[in-house]
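These notes are about the structure you will find just below.
The values are calculated or read from the model by the stated rules, or taken from the named source; none is laboratory data. Keep in mind it's a predicted model, so treat the numbers as computed, not measured. Quick reminder, even Gly has a Cβ in these numbers, built from the backbone with ideal geometry, and neighbours come from all protein chains shown.
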Amino acid sequence: MTNELSNAAGASQQGPAASSFSAATSPRSTAGGDVLVLLLIDVAPAARLWGYGRFVAGTAPALAEPGARFVKQLGTGYEGGFGLRPSGTRQGLFVLFEDEAAADAFIGRSDLVQTYRRNARELCIVKARPYSARGSWDGQKVRVGSPAPVDGPVAALTRASIRPSQAHRFWPNAGPSQDSLEQAQGCRLAVGLGEAPFLRQATFSVWDSVAAMDAYARSGAHQRAIVASRDFFSESMFVRFVPLSIEGEWKGRRYG
């Protein structure tokens, strides 16, 4: 998806080697605001029916978790990428919690997360706190409760509802920008996510630093995509996060 990365970020993962990424994991922050937990799963071959069932169940199981206030069950592009072809095995679960204690309880003790672990060929769990946000997702806004980081890694979410009348114009413009993401310096993890085919798209990415993320935002392909997409969206959201922890594996790269 083409996004206004200068306000948040979109990105792509580099190679499959193990990552030395270390997020800000301790001590637990006392800041307010939302805390994001993002589960990225590649469903094991024997669990395909369970994987399809996630979309039938929708957001209800995660919304029942203590402290969860906003949930999206998401598909991904093929191999976790950004194109129109969907993946048959890769998914995302996006959950905003009221505080970090609720997020930690979800990751560590939730039956739902344990079910994800049992049925995963790969599972990556990201916990992050927003430090800047604008826009909305289904009318919901992210509550910011963390100061901007002085240094260290950052994460970003961009999502948009594409106007149906503009979809045929949006997707041709998305390609060059997404191709440049694959080579973006300093990008550690990225995934293309979708709430509905073609029209409700998002990207989530993790970068070495704000400088690396902003350097991509100023790149030629991305700037051209921004100009081309100004009137494509009926709703959008751009959020930057401080990663608190990343654990697991995604597309062959290990984290944590």
Residues that are surrounded by 19 or more Cβ atoms within 10 Å (Cβ to Cβ) and at pLDDT 95 or above, drawn from segment 132-160: Ala133, Val142, Val144, Pro153, Val154, Ala155
Filtering segment 96-148 down to residues that are of a type in the set (Lys, Arg), under 27 Å from Gly252 (Cα atoms) and in contact with a Gly (Cβ under 6 Å, 6 or more places away or on another chain) yields none
Under 8 Å between Cβ atoms, at least 6 apart or on separate chains: pull out the pairs that start in segment 62-88 with a residue that is among the basic types (Lys, Arg) and surrounded by fewer than 19 Cβ atoms within 10 Å (Cβ to Cβ) and end on any residue that is modelled with pLDDT of 75 or more and assigned to a loop (DSSP other than H, G, I, E, B). Arg69/Asp34; Arg69/Glu98
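Select from segment 102-121 the residues that are surrounded by 12 or more Cβ atoms within 10 Å (Cβ to Cβ) and polar (S, T, N, Q) and write down the one among them that is nearest to Ala62 (Cα to Cα).
That would be Ser110.
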